[in-house]
Amino acid sequence: MYLAGQLTLPIFCFWFGPVSTGSDTGELILGGYDTTKYTGSFTYAPVSVQGYWEFIADNVKL
């Protein structure tokens, strides 16, 4: 999609709504990010296979 010019940036982001609000919402954003949905800086992960947005996650905490 990025090479076809459909995305601004070659990135994707996930956002999960807070459980404390009773809402089970979330977003997958392709080609950018929403600055209202985060604080701090991004964490980048190298892809495990060139050409795919695939990465190794040894430990995940939400």
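At a glance:
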| item | result |
| --- | --- |
| Tally of residues being surrounded by fewer than 10 Cβ atoms within 10 Å (Cβ to Cβ) and of a type in the set (F, W, Y) across region 15-62 | 3 |
| Test: residue in region 44-62 that is over 13 Å from the mean Cα position of the chain (by Cα) and in contact (Cβ under 8 Å) with a residue 40 or more places away in the chain | yes |
| For M1: the one exception among (1) farther than 22 Å from V60 by Cα; (2) assigned to a strand (DSSP E or B) | (2) |
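FYI, it's all coordinate maths here, none of it is from the lab. What you see is a predicted model, and the numbers here were worked out from it, not measured in a lab. Glycine gets a Cβ as well: all are built from the backbone with ideal geometry, and neighbour counts include every protein chain shown.
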